[in-house]
């Protein structure tokens, strides 16, 4: 991550944001962006080392910034496994006690298990849904009633463009993300009258550890950009792999007051790869 901290503009001053899967990749970018915009961030992940390293790096960069440019935000680490319902509920309760009522929830935690649909193990299928779908359910269900009772709040689920476009070798991942997408939209419909908004950001190929694990040779990145007819996959019209900050910016927009009349929507952030 670069040393630059986003300029403070007060957009999320005084708000509490809970982010899952924040130890790396998109989750880390989301947590850092909200903290840079003034929020009190509960950065959660099941990796204790990863989440504490993120918090330490944030503190280092904050201290390095000129005093007049230091954001008012905080980034606090919380160890939480989204597949463990008691862990989720106790962590949410602790975050609300220590940081304040959660105004924004960002569901980012996810895993990827690849393989032909006919050869996927039951364990890979189950593990994928436990994190990508059950995790969204557990955390949203812990936070949403609190938001509804207060009459405001925003939930953003980071899904995938694979939820809307079939991918070879990604049946479990795509299906789990599609389920999380529809859960989030249904939740948004049920909560709309309470003032709580629920939306989905659907990234395409993004420069994360998950993406790089799929690259087996030096030319892999360019093939993703160019597309691969053999796997029925289009390229990326904008000609680049997304940076995690591209996804974080979209999340922050949907969580902001600028999107106050947007709910139950899916925002694709994939450089045009799905041609939608």
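Values computed for the structure shown
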item: Tensor-based shape of region 178-276 (alpha-carbon gyration tensor, a/c under 1.5 rounded, otherwise prolate or oblate); result: prolate
item: Pair residue 152, residue 119: separation of 7 Å Cα→Cβ label points (nm); result: 5.3 nm
item: Between helix 85-99 and the chain: long-axis angle, C-alpha atoms, 0 to 90°, nearest 10; result: 40 degrees
item: Spacing of the two label points (7 Å from each Cα toward its C-beta) at residue 217 and residue 65, in nm; result: 4.4 nm
item: Helix axis angle, 25-36 relative to the chain longest principal axis, alpha carbon, degrees; result: 20 degrees
item: Label-to-label distance, nm, for residues given as residue 257 and residue 84 (7 Å Cα→Cβ offset); result: 3.9 nm
item: Calculated FRET value between residue 192 and residue 275, using beta carbons and R₀ = 25 Å, to 0.05; result: 0.25
item: Likely footprinting exposure, 114, 44, fewest C-beta neighbours within 10 Å first; result: 114, 44
item: Reference-scaled alpha-carbon Rg (2.2 N^0.38 Å with N residues) for region 195-249; result: 1.35
item: At 1.002 mPa s and 20 °C, Stokes D of region 96-253 from Kirkwood alpha-carbon radius, µm² per second; result: 127 µm²/s
item: Region 218-276-region 17-93 distance, computed between alpha-carbon centres (Å); result: 23 Å
item: Most mobile listed residue (104, 92, 156) in the chain, GNM with C-alpha springs under 10 Å; result: 92
item: Label point at residue 48 placed 7 Å out along Cα→Cβ; residues across region 11-38 whose backbone nitrogen lies under 20 Å; result: 20-24
item: Rounded if a/c under 1.5, otherwise prolate or oblate - region 119-168, Cα gyration tensor axes; result: oblate
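Quick note: the coordinates plus some simple rules give every number you see, no bench work behind them. Note that the coordinates shown come from a computational prediction; the quantities given were computed from them, not determined experimentally. In this analysis, Cβ positions are derived from the backbone assuming ideal geometry, glycine residues included, and neighbour counts consider all displayed protein chains.
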